[in-house]
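Working notes for the structure below.
The values are calculated or read from the model by the stated rules, or taken from the named source; none is laboratory data. These numbers were taken from a predicted model, which means no experiment stands behind them. Please note: Cβ atoms are built from the backbone with ideal geometry, for glycine as well, and neighbour counts cover all protein chains shown. Note: accessible area is taken over every heavy atom of the protein model, side chains too, but ligands, DNA and RNA are not part of it. Shrake-Rupley method; radii C 1.70, N 1.55, O 1.52, S 1.80 Å.
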There are 2 protein chains.
Amino acid sequence: MESKQGISRKDFLKLSAAAGMGIAIGASGVGAVLEINNSTATSKSTSAVKEDDMIPLYGIHQPGIITPQQTYMYLAAFRITTKSKSDLIVMLKNWTKFCNLSAAGGTMKLSDNSLLPPADTGETLDLLPSNLTLTFGLGRSFFVDDEHDRFGIAQMAPRYLNDIPRMPRDNIDPAISGGDICVQVCADDQQVAFHAVRNLIRLSTGQASLKWMQEGFASGTPGKTPRNLFGFKDGTANELHLSSAGYDQVVWAGDDEPDWMRGGSYLAYRKIQMKIESWDRTSLADQEATFGRSKVSGAAFGAHGEFDSVDLSQQPANSHVALAKQTKQQIHRRAYSYTDKVDPRTGNVDAGLLFISYQRNPDQQLLPMLRLMQNKDALNSYVSHVGSGMFACPAGLKEGRYFGQTILEA
Amino acid sequence: MESKQGISRKDFLKLSAAAGMGIAIGASGVGAVLEINNSTATSKSTSAVKEDDMIPLYGIHQPGIITPQQTYMYLAAFRITTKSKSDLIVMLKNWTKFCNLSAAGGTMKLSDNSLLPPADTGETLDLLPSNLTLTFGLGRSFFVDDEHDRFGIAQMAPRYLNDIPRMPRDNIDPAISGGDICVQVCADDQQVAFHAVRNLIRLSTGQASLKWMQEGFASGTPGKTPRNLFGFKDGTANELHLSSAGYDQVVWAGDDEPDWMRGGSYLAYRKIQMKIESWDRTSLADQEATFGRSKVSGAAFGAHGEFDSVDLSQQPANSHVALAKQTKQQIHRRAYSYTDKVDPRTGNVDAGLLFISYQRNPDQQLLPMLRLMQNKDALNSYVSHVGSGMFACPAGLKEGRYFGQTILEA
């Protein structure tokens, strides 16, 4: 390229393109970068898009919370870098427009002008929507950052939005915890999911920067509870509230919250390393006693089927199931497994669980459970909590509105 | 668990279980740990396993080389730690047995004795075979380690097995390069793929340790060339040799090789970081000139269709396509994308390509291409090669034989 066009021209184009984008966004709010054209700009024919492969962005609740779990997830947290509320709004408008388009399987028009960078990175041009969902949550620091009411919205903070307090056995790395805005991106195709994260990053340039990102997978046969990397079924207890009334009781924030949060939910996140090498050397009897369930069937001790109720008298006192049952609380689990790097010293793989739960009141539903488990859970010998986050996910979005509008323009 | 059974009992069981496994393996060669029972030990009913979802382990060639690309890959490299040839053989026999079972969708029997660790980690109990393939390759150091003929097989080394020499712009990290044995594990389900890697690790205890592991994804609509994270189609040129004669010419090692290598192939690996943030700020015109192809259609400059032949006179001199064409050589590409951590300093995502190619003669087919590209490729502004490996993949396995037998018992 250098021989064809010279460095100076390339650099000039990059600079002017970047400046052009900035001007376009600044002038129109949403900007030319998001000029959208489903029908002419993509090679994906409309007929190839299956309706049942799409989950709409708009609705009473955000998608990705009680949506059946997709195969892949990226969880990404952003730090807002701008001090300007109007710049933040521009970014959130761009994000919303992108989310609506990509959830429908569309791709931003690559370019009207090939001297500009393509508006879309292009790696999903031939791919289906793949049940993509984007779920947004706000950290405590979105409202109040170091006691500072950064955008004049401190009084809008929801009732239970606090970082998860330090737990007895925590080993939390702040670099992969917290954040101002969190996005849970799920899809049945990893490339579709990453494309969404990547374009949110692009559209945040100048207003926010990516703080951390985790990727996870969940494999399951439809109708069966997925298994975690300990080989046990994970999410069996969700069955207890899978009804509209159950969701209201467990998941959706209610009348004690600000308007924008009613119908929303709290996303709690824990990155939990699993010592799989140590676990794999543990006897089947001990593994089952640790969970309080049969490994193959998932049935609790003393029960026959996976979904039979838990009888505390049949449980080892510190089994995972017994402790969860003792708190008499329910949460909605939506966990993914992860595999990371190899420890060059031991040859062990860093692998584990990206625990995610949704609940209407984390103080009541989650924190007592977490505290009890970190004190007593037999699983503690095999896990370490290394990342953490708590985010308030607003109610669903109405068409024509942008994410966060109910807070920023209240 | 501690309250129910006491630490000492748990630790005792672990120790005795580990010792028991060691004895079993030592005594019988293949060992009780691999006592296999498809029909009674798993919850996966035979009827759920689809024939077209299984790729057999045995054949003239190893699976996973010209097999249509699955969605997920783990590439793992092991260091052999034992000095005993017979111990190495035990491990390779165990691996082979596991590979054959898991390729068929079976699961090792969890346990006859719940006081022993389960023979299988269990996370695929409800999952289908998902086109799992395991492809084994041997590094130069398998044969000769620091000039040392470690297992008396130095004379068996194949003709072109050398580490890829240092290239002009290399930025290779030795910790994620090379290794004695490499396993490419591919499947259409990430959990199925990881399960295989993990159980190979378990079955290598005492004989080998994991050196590094990479995970990648490739998304594509069937019949369409997948796109890499630059948004361009990757693997278009494979079309040129997708026939039995073409594979013989490009992929399968021939008569100038030792017996065990005929019908095998050389796996070349490069971990290529992509500077996607910089790329995404580049104009569409520059992106297309860098590859020498249209971004949407994949057609080379001056051509109409993705698979039309490349006309060098229409190409920018240093485009990726022009340089590949100039070498007049073909390789068989089987690349995957990866996404890793966030750089906390810049907020940039470490993402890129796990380049994998198979060829019968890397000296002739790959190295000149790699050298030319590292010197001149317009892509060099946007990529950095950080990992590297070259492995000889023996011919396919006959039923009843174990992986490596043709070398170790020649």
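Relative contact order of the range A:53-151, taken over Cα pairs closer than 8 Å and 6 or more residues apart, is 39 percent. The ellipsoid equivalent to the alpha-carbon distribution of the protein assembly as shown has semi-axes of 41, 39, 21 angstrom, derived from the gyration tensor eigenvalues as √(5λ) and listed largest first.
In sequence order, the range B:123-130 has phi-based couplings of 6, 10, 3, 9, 9, 7, x, 6 Hz under the Karplus curve 6.51 cos²θ - 1.76 cosθ + 1.60, θ = phi - 60°, and Gly or Pro positions carry x.
In the range A:133-197, taking the dipole from charged Cβ atoms about the Cα centre, the farthest positive-side position among A:Pro168, A:Thr133, A:Ala187 is held by A:Pro168. For the range B:302-395, the C-alpha radius of gyration sits at 1.27 times the compact-globule guess of 2.2 N^0.38 Å, with N the residue count.
If the only charges are +1 at each Lys and Arg Cβ and -1 at each Asp and Glu Cβ, what is the size of the charge dipole of the protein assembly as shown around the Cα centre, to the nearest 20 debye? Present the calculation step by step, with values, prior to reporting the outcome.
On the way: 82 positive and 86 negative charges, 167 e Å.
Using Cβ point charges on Lys, Arg, Asp and Glu, the protein assembly as shown gives about 800 debye.
The Rg/Rh ratio of the range B:91-244, with Rg taken over Cα atoms and Rh as the Kirkwood radius over Cα pairs, comes to 1.01.
Using alpha-carbon positions, what is the distance between the centroids of the range B:308-352 and the range A:248-268, in Å? If we compute the Cα centre of each part, the gap is 47 Å. Atom-type composition of the exposed protein surface of the range B:120-169 places 40 percent of the accessible area on carbon and sulfur (1.4 angstrom probe). A cut-off under 12 angstrom between Cβ atoms defines the neighbours of A:Met369, and their net charge, with Lys, Arg +1 and Asp, Glu -1, is +4.
Taking every pair of alpha-carbon atoms in chain A, give the share separated by more than 31 Å as a whole percent. Numbers along the way, then the final one.
Values: 35029 of 83845 pairs.
Distances greater than 31 Å cover 42 percent of the Cα pairs.
Beyond 23 Å in Cα-Cα separation lie the following of the pairs A:Lys233/A:Lys271; A:Lys224/A:Lys328; A:Lys211/B:Lys233; B:Lys211/B:Lys341; A:Lys325/A:Lys376; A:Lys109/B:Lys233: A:Lys224/A:Lys328; A:Lys211/B:Lys233. Largest accessible area first, the residues B:Ser84, B:Ser337 order themselves as B:Ser84, B:Ser337 under a 1.4 Å probe with ligands, DNA and RNA left out.
What number in nm² do you get for the range A:233-295 if you take the convex hull of its Cα atoms and divide its surface by four?
Details: hull surface 24.6 nm².
Over every viewing direction, the Cα hull of the range A:233-295 projects on average to 6.2 nm².
Take every pair of alpha-carbon atoms less than 8 Å apart whose residues are at least six positions apart; their mean separation over the length of the range A:328-410 yields a relative contact order of 22 percent.
With protein chains left intact and a 1.4 Å probe, residues in chain B average 38 Å² of accessible area per residue. Taken about its Cα centre, the range B:293-374 carries a charge dipole of about 140 debye when Lys and Arg each add +1 at the Cβ and Asp and Glu each add -1 at the Cβ. Placing unit charges on each Cβ (+1 for Lys and Arg, -1 for Asp and Glu) gives the protein assembly as shown a dipole about its Cα centre, and among A:Ala245, A:Leu408, A:Ala119 the Cα reaching farthest toward its positive end belongs to A:Leu408. Kindly provide log₁₀ I(q)/I(0) values, in the same order as q = 0.19, 0.23, 0.24, 0.27 Å⁻¹, from the Debye equation applied to equal alpha-carbon scatterers of the range A:290-330. Each listed q corresponds, in turn, to -0.45, -0.66, -0.72, -0.90.
With a 1.4 Å probe and all protein chains in place, put B:Asp256, B:Asp340 in order of accessible area, largest first.
Values: B:Asp256 65, B:Asp340 30 Å².
Highest to lowest solvent-accessible surface, that is B:Asp256, B:Asp340.
Taken about its Cα centre, the range A:236-375 carries a charge dipole of about 340 debye when Lys and Arg each add +1 at the Cβ and Asp and Glu each add -1 at the Cβ.
Tell me the Kirkwood hydrodynamic radius of the range A:223-343 in angstroms, computed as one over the mean inverse distance between distinct C-alpha pairs. List each step's numbers first, then the result.
Details: mean 1/r = 0.0615 Å⁻¹.
When all Cα pairs of the range A:223-343 are included, the Kirkwood radius is 16.3 Å.
The interface between chain B and chain A buries about 6700 Å² of solvent-accessible area in total (1.4 Å probe, ligands and nucleic acids excluded).
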